[in-house]
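Worksheet: the structure to be examined is printed underneath.
The values are calculated or read from the model by the stated rules, or taken from the named source; none is laboratory data. Predicted model only: the values in this text are computed from it and were never measured. Quick reminder, even Gly has a Cβ in these numbers, built from the backbone with ideal geometry, and neighbours come from all protein chains shown.
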Amino acid sequence: MENFQALMQGFELALSMHNILYMILGVLLGIVVGVLPGLGGPNGVAILLPLTFGMDPTSAIILLSSIYWGALFGGAITSILFNIPGEAWSVATTFDGYPMAQQGRAGEALTAAFSASFIGAICGVLLITLVAPLVASFALRFGPAEFFAVYLLTFCSFIGMGRENRGKIGISLCIGFLLAAVGMDSISGDMRMTWGSGELMRGFDFLVVVIGLFGVSEILMTVEEGLEFKGKNARIQMTVVLKTWAQMPRHFVTLVRSCAVGMWMGVTPGGAIAASFMGYGLARRFSRNGRNFGKGEMEGVLAPETAAHAAGTSALLPMLSLGIPGSATAAVLLGGLMIWGLQPGPLLFVEQKDFVWGLIASMYLGNLAGLIIVLLTVPLFAAIMRVPFGMVAPLILMVCAIGAYTIANSIFDIWLMLGFGIVGYVFKKLDYPLAPMVLALVLGDRAEEAFRMAMLGSGGDVGVFAANGLVSTLIVLALTLLLWGPISDLLAKMRGKMATE
């Protein structure tokens, strides 16, 4: 009851006129940040952070968090319209969102993505509201072994529950792990596979790889098919929005499951990227239309968007309650709080009660404002589809190059982007999945670091991965998911033989 009263007071603070204006401004800026490949929520928040130093902390954090909400919504736009993930966690959205756009269902795909984003984010905010005072005792139990177990769970679920050829999934994962190992070893400081190149010391940036694999390769594929954008006749009307909303209750189980996955990955070190892939993988495995995933299935848009945004929002939970950022954006916000003289952690809920609950209230309002704004501007986004692709392709390539360059102000990254564009084109022609490679590239170095830290801490004893109930449960669940697919296939073959006899 006390927390509910504090939340109501927070709404009074967040609903002041100047805070509402900051909220709307932040969402609009965030949508732009999310649409532009290579910029991203963390960079957008970091760039605008100095502008808030003269503001009061509550208004400043409302503006910055609203930029984050807008980026969460905006990342789906280019993913669906052009197969170019505006945000790292939007990669899985391209798998079914882009085929829907090609089929003239861009409005349905965008509405599904925005609505799923709102549902996932609101669930994450609810988690923060209800669990923030209790999370410290749970999150403090995570050490390197638990971190590795979470990453292992993500990799195993992708292999065991994938519907593609598992050999090709494994090859794609291994290539991603190999790419993740390039650069400076974070444990020993040694250089690995840099071959004397200073540019490779920092490794392969995820967004450079993604822009190449998905954006440039798609341009090459489309040029080969005749320079025609198949979704150019897309039309968006409010009836499309209402029709999409009417279909969403059919996917209630998927939405709930993706919310649960996202909130878990947000509080633990899995993150929004891993959550989006896991949400998509689980939906594909358990859906009655699983075989249609990748061909324009709305459920394939709802699942990753819900999971990613539940994770992205839930990542603020350990930041507020423990002072441990659960994502890159949370880390930037953490720095801002400390600059303003606030110390995130359990005492924040006691010493700065008005600030905390004002921020939590603004999370509800900011996501609602974000949903309304993106839905009102859907016709603008869909109008892009009516431009001939022959005119759009050079602009897309230019935006991709700018996005790749601005990540580290390096011409070398543009060449890398083009190189990975060719790799993505070859993978698509040979029917190799790109998602496992991307997943391994993002999480491979983190998983390796967690494994090595756990082994160093235990003196080389692998028993550390069975040292407590939490890590044991995660490892067993990971192995179960890894073997789930092969065992299911074997049982299906046995049933088929019995039926024919």
Inset, instruction - Collect the residues in the range 334-377 that are surrounded by fewer than 20 Cβ atoms within 10 Å (Cβ to Cβ), at pLDDT below 70 and not in a helix (DSSP H, G or I), keeping them in residue-number order. - result: Q343, G345, P346, L347
Legend entry - Pick from the range 94-117, criterion within 19 Å of V27 (Cβ to Cβ) and not hydrophobic (A, V, I, L, M, F, W, C), ranking: nearest to the chain's Cα centre (by Cα): S117
Inset, instruction - Take the range 73-110 and flag every residue that is in contact with an Asp or Glu (Cβ under 6 Å, 6 or more places away or on another chain) and not in a helix (DSSP H, G or I). - result: N83
Inset, instruction - Select from the range 418-456 the residues that are hydrophobic (A, V, I, L, M, F, W, C), at pLDDT below 85 and in a helix (DSSP H, G or I) and list them in ascending order. - result: A435, M437, V438, L439, A440, L441, V442, L443, A447, A450
Legend entry - Residue satisfying all of: in the range 126-143; at pLDDT 70 or above and buried (at least 21 other Cβ atoms within 10 Å of the Cβ); nearest to M319 (Cα to Cα) among these: I128
Inset, instruction - Could you please find all residues in the range 281-314 being surrounded by fewer than 22 Cβ atoms within 10 Å (Cβ to Cβ), farther than 16 Å from E108 by Cβ, small (G, A, S) and in contact (Cβ under 8 Å) with a residue 40 or more places away in the chain? - result: G290, G294
Inset, instruction - Write out, first by first residue and then by second, each pair whose Cβ atoms fall under 8 Å of each other, whose residues are 6+ apart or on separate chains, and whose first residue, in the range 429-456, is within 14 Å of G170 (Cβ to Cβ) while the second is hydrophobic (A, V, I, L, M, F, W, C) and not in a helix (DSSP H, G or I). - result: G444/A181
Legend entry - One residue from G167, G196 being surrounded by fewer than 19 Cβ atoms within 10 Å (Cβ to Cβ) and part of a helix (DSSP H, G or I): G167
Legend entry - Candidates S157, S117, filtered to the one that is polar (S, T, N, Q) and modelled with pLDDT under 75: S157
Legend entry - Cβ-Cβ under 7 Å pairs, at least 6 apart or on other chains, the range 17-33 side crowded, with 24+ Cβ neighbours inside 10 Å, far side not in a helix (DSSP H, G or I): V33/L39
Inset, instruction - Only residues that are among the polar types (S, T, N, Q) and either outside any loop (DSSP other than H, G, I, E, B) or over 25 Å from the mean Cα position of the chain (by Cα) (or both): list them for the range 180-193, please. - result: S188
Inset, instruction - Starting from the range 473-501, take each residue that is under 19 Å from I159 (Cα atoms) and list its partners that are surrounded by 12 or more Cβ atoms within 10 Å (Cβ to Cβ) and modelled with pLDDT under 70, counting only C-beta distances under 8 angstrom and pairs at least six apart or across chains. - result: L481/M161; W484/M161; G485/M161; G485/G162
Legend entry - the range 363-391 residues that are more than 18 Å from L28 (Cα to Cα), paired with ones that are modelled with pLDDT under 60 and loosely packed, with under 15 Cβ neighbours inside 10 Å (beta carbon under 7 Å, 6 or more apart): F389/L227; F389/E228; G390/L227
Inset, instruction - Specify the residue that is nearest to A408 (Cα to Cα); the eligible residues are those in the range 191-223 that are modelled with pLDDT under 75 and of a type in the set (G, A, S). - result: G198
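For (1) surrounded by fewer than 24 Cβ atoms within 10 Å (Cβ to Cβ); (2) touching a strand residue (DSSP E or B) at 6+ places or on another chain (Cβ under 7 Å); (3) modelled with pLDDT under 80, each residue gets a yes or a no:
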site: L51; (1), (2), (3): yes, no, yes
site: D56; (1), (2), (3): yes, no, yes
site: S59; (1), (2), (3): yes, no, no
site: S90; (1), (2), (3): no, no, yes
site: F95; (1), (2), (3): no, no, no
Inset, instruction - Kindly check whether there is at least one residue in the range 297-319 that is of a type outside the set (A, V, I, L, M), part of a loop (DSSP other than H, G, I, E, B) and modelled with pLDDT of 80 or more. - result: yes
